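Chemist: Starting off with a structure, shown below.
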């Protein structure tokens, strides 16, 4: 790990009481969820990470505190560095400040996380479902959301299964 | 049975101007089945006459839950799904996923496999750019280029079939190397292709680059500055046409890209024409990389011999007890990587294709997320198309080179 990155890491630890970890040569900083927008500002303006690569989330169900980790990947094009940040949030009313005002492409990224995990992003300009239909129930990427299988139909039970198969929508 | 909820105008009120409410401007659907949206993309347009006031992309028609599905398969078996995301860059999808898995478990890839991966990834880049060129030119009514592009693309697909048995969904790159060594005919096939393609690219340029009708449709359309492009998360040729020379093959070389001598073409204009020029030059650079990789294609194994993670060769299974055990364990249980999360990325024809992979120590990925370039590139469409004609919108969609399978996953 480069010394510059280590310096940034120390600054984040000092400013936000963050925790850091390293795995396979990648640095991850665990920032408290309520500080995420200040952290994002600091990462962009002070450290020069001008590019938000992606936002995603991980569900640790049935763990409740924290149930989700929202993971951010930032990149500094001029310095050639990559930094991963995570914000832990609880499973009941999961919500987090939107960083759309700092990185504009967070808009759709956060919409996808909202759609897939049901995490509310406060201050988001357009928080609607993005991949799933607007009237969809539930959030598919959650671990307590079943994957769903189709029962195999054989000649002896073809009609039984066909009878209880959900009919397509009109 | 559930009732279908209709999305009311109130839900998108904040996205359209006040004039849409009074009926002064018109709301018009474009797509999802429209030839110039390059797949199933629906655009809700707010039009003032022929001018686009607002454009609201509606995606997700091709969402197949690949990320969710991969969580229920072992690491090797989940790879097959990655082909189906970006169907113009199937090799690149496997490549990204394999790099992530290799990073997670700490696998080394033999040099020959690395070189083969680079050759195939660059062939795929040319193939993808050819499809882009054909369709984007078709969008701005240059009909003839399309068929020429598909003629050359066919040749690349034949090479893919030669090495993997499949034309598109190859799954040839596997964690720890590639499926098998390339056949003897491979070298001749690639050399034949390299012999004809530079001249063909010149021919396409002769058809388009100075064509006044083409220039009219492209120059000064959909301009974005370099700084804004970075803040909006653009990558790939779409970003490089605006100035920044961000290319992951140079930024963070993987699979031995640092050994090859090639340039990253950039332009500063940031319009549709600049994106066209950058992609044309990228094809030439890809040819350079393939030539160098072919010239020093090293001999040796094409798969890691760490049999805890990579299946042993078929020939050993008949004679070696360990090989049989490894084979059986790998295809029934899979392997258990350490707990942790990694992010690996490659330069796909459209930009940064990243794979975020988290393991909980079990044989199945705990969370897979693909950072797909088209998803972020399409986000900029409303910004690019504002104030342009509907006909220009078509040219802009063509120029950012989206693949809907890549967006919706």
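The values are calculated or read from the model by the stated rules, or taken from the named source; none is laboratory data. None of the values given here were measured: they were computed from a predicted structure. Methodologically, a virtual Cβ is constructed for each residue, glycine included, from the backbone with ideal geometry; neighbour enumeration extends over all protein chains shown.
Chemist: Just one of B:145, B:182, B:223, B:140 is away from every other protein chain (no Cβ under 14 Å), closer than 19 Å to residue B:90 by Cα and out of contact with any strand residue (DSSP E or B) (no Cβ under 8 Å at 6 or more places or on another chain); which is it?
Modeler: Details: B:145 fails: closer than 19 Å to residue B:90 by Cα; B:223 fails: closer than 19 Å to residue B:90 by Cα; B:140 fails: closer than 19 Å to residue B:90 by Cα.
Result: B:182 is the single residue among B:145, B:182, B:223, B:140 that is away from every other protein chain (no Cβ under 14 Å), closer than 19 Å to residue B:90 by Cα and out of contact with any strand residue (DSSP E or B) (no Cβ under 8 Å at 6 or more places or on another chain).
Chemist: Something else now. State which residue is surrounded by the fewest Cβ atoms within 10 Å (Cβ to Cβ) when the search covers only the stretch B:234-263 and only residues that are more than 10 Å from chain A (Cβ to nearest Cβ) and farther than 15 Å from residue B:122 by Cα.
Modeler: Among those that are more than 10 Å from chain A (Cβ to nearest Cβ) and farther than 15 Å from residue B:122 by Cα, it is B:243.
Chemist: Could you list, in sequence order, all residues of the stretch A:121-136 that are exposed (fewer than 15 other Cβ atoms within 10 Å of the Cβ) and either over 26 Å from residue B:40 (Cβ atoms) or more than 8 Å from chain B (Cβ to nearest Cβ) (or both)?
Modeler: Hits for the stretch A:121-136 are A:122, A:123, A:136.
Chemist: Determine, yes or no, whether residue A:52 is in contact with a helix residue (DSSP H, G or I) (Cβ under 7 Å, 6 or more places away or on another chain), part of a helix (DSSP H, G or I) and either crowded, with 17+ Cβ neighbours inside 10 Å or modelled with pLDDT under 85 (or both).
Modeler: Working: in contact with a helix residue (DSSP H, G or I) (Cβ under 7 Å, 6 or more places away or on another chain): yes; part of a helix (DSSP H, G or I): no; either crowded, with 17+ Cβ neighbours inside 10 Å or modelled with pLDDT under 85 (or both): yes.
The answer is no for residue A:52.
Chemist: Inside the stretch B:1-120, counting only helices (runs of 4 or more DSSP H) that do not spill past its ends, which hold 3 or more residues that are in contact with a helix residue (DSSP H, G or I) (Cβ under 8 Å, 6 or more places away or on another chain) and either within 10 Å of another protein chain (Cβ to nearest Cβ) or in contact (Cβ under 8 Å) with a residue 40 or more places away in the chain (or both)?
Modeler: Numbers: elements: B:18-22, B:66-70, B:75-82, B:90-105.
Once the helices (runs of 4 or more DSSP H) in the stretch B:1-120 are filtered for at least 3 residues that are in contact with a helix residue (DSSP H, G or I) (Cβ under 8 Å, 6 or more places away or on another chain) and either within 10 Å of another protein chain (Cβ to nearest Cβ) or in contact (Cβ under 8 Å) with a residue 40 or more places away in the chain (or both), what remains is B:66-70, B:75-82, B:90-105.
Chemist: Moving on to the next point. Of all helices (runs of 4 or more DSSP H) completely enclosed by the stretch B:189-251, which ones contain at least 2 residues that are touching a helix residue (DSSP H, G or I) at 6+ places or on another chain (Cβ under 8 Å) and under 18 Å from residue B:285 (Cα atoms)? Don't jump to the end; show me each part of the working.
Modeler: On the way: elements: B:212-218, B:226-231, B:237-240, B:248-251.
Counting at least 2 such residues, we get B:237-240, B:248-251.
Chemist: Give the stretch A:1-27 a look and list any residue that's outside any strand (DSSP E or B), in contact (Cβ under 8 Å) with a residue 12 or more places away in the chain and touching a helix residue (DSSP H, G or I) at 6+ places or on another chain (Cβ under 9 Å), or say none.
Modeler: Those that are outside any strand (DSSP E or B), in contact (Cβ under 8 Å) with a residue 12 or more places away in the chain and touching a helix residue (DSSP H, G or I) at 6+ places or on another chain (Cβ under 9 Å): A:1, A:8, A:11, A:12, A:15, A:16, A:17, A:18, A:25.
Chemist: Take residue B:158 and decide whether it is out of contact with any strand residue (DSSP E or B) (no Cβ under 6 Å at 6 or more places or on another chain) and at pLDDT 90 or above. Before you say what the answer is, go through the steps one by one.
Modeler: Details: out of contact with any strand residue (DSSP E or B) (no Cβ under 6 Å at 6 or more places or on another chain): yes; at pLDDT 90 or above: yes.
So residue B:158 passes the test.
Chemist: Can you tell me which residues in the stretch A:64-83 are surrounded by fewer than 16 Cβ atoms within 10 Å (Cβ to Cβ) and either assigned to a strand (DSSP E or B) or without any contact (Cβ under 8 Å) to a residue 24 or more places away in the chain (or both)?
Modeler: Step one: filter the stretch A:64-83 for residues surrounded by fewer than 16 Cβ atoms within 10 Å (Cβ to Cβ), giving A:64-65, A:78-80.
The one that is surrounded by fewer than 16 Cβ atoms within 10 Å (Cβ to Cβ) and either assigned to a strand (DSSP E or B) or without any contact (Cβ under 8 Å) to a residue 24 or more places away in the chain (or both): A:80.
Chemist: Can you tell me which of (1) touching a helix residue (DSSP H, G or I) at 6+ places or on another chain (Cβ under 9 Å); (2) surrounded by 17 or more Cβ atoms within 10 Å (Cβ to Cβ) is the one residue A:117 doesn't meet?
Modeler: Answer for residue A:117: the failing condition is (1).
Chemist: Right, next: Condition (residue is in contact with a strand residue (DSSP E or B) (Cβ under 7 Å, 6 or more places away or on another chain), assigned to a loop (DSSP other than H, G, I, E, B) and either under 22 Å from residue B:352 (Cα atoms) or touching a residue at least 12 places away in the same chain (Cβ under 8 Å) (or both)) applied to the stretch A:110-119: is it met by at least one residue? Quick ask: steps written out before the conclusion?
Modeler: Looking only at the stretch A:110-119, we keep the residues that are in contact with a strand residue (DSSP E or B) (Cβ under 7 Å, 6 or more places away or on another chain), and these are A:110, A:113-114, A:117, A:119.
Pick out the ones that are also assigned to a loop (DSSP other than H, G, I, E, B) and you get A:119.
Going one step further and asking which of them are either under 22 Å from residue B:352 (Cα atoms) or touching a residue at least 12 places away in the same chain (Cβ under 8 Å) (or both), we end up with A:119.
Checking the stretch A:110-119: at least one residue is in contact with a strand residue (DSSP E or B) (Cβ under 7 Å, 6 or more places away or on another chain), assigned to a loop (DSSP other than H, G, I, E, B) and either under 22 Å from residue B:352 (Cα atoms) or touching a residue at least 12 places away in the same chain (Cβ under 8 Å) (or both).
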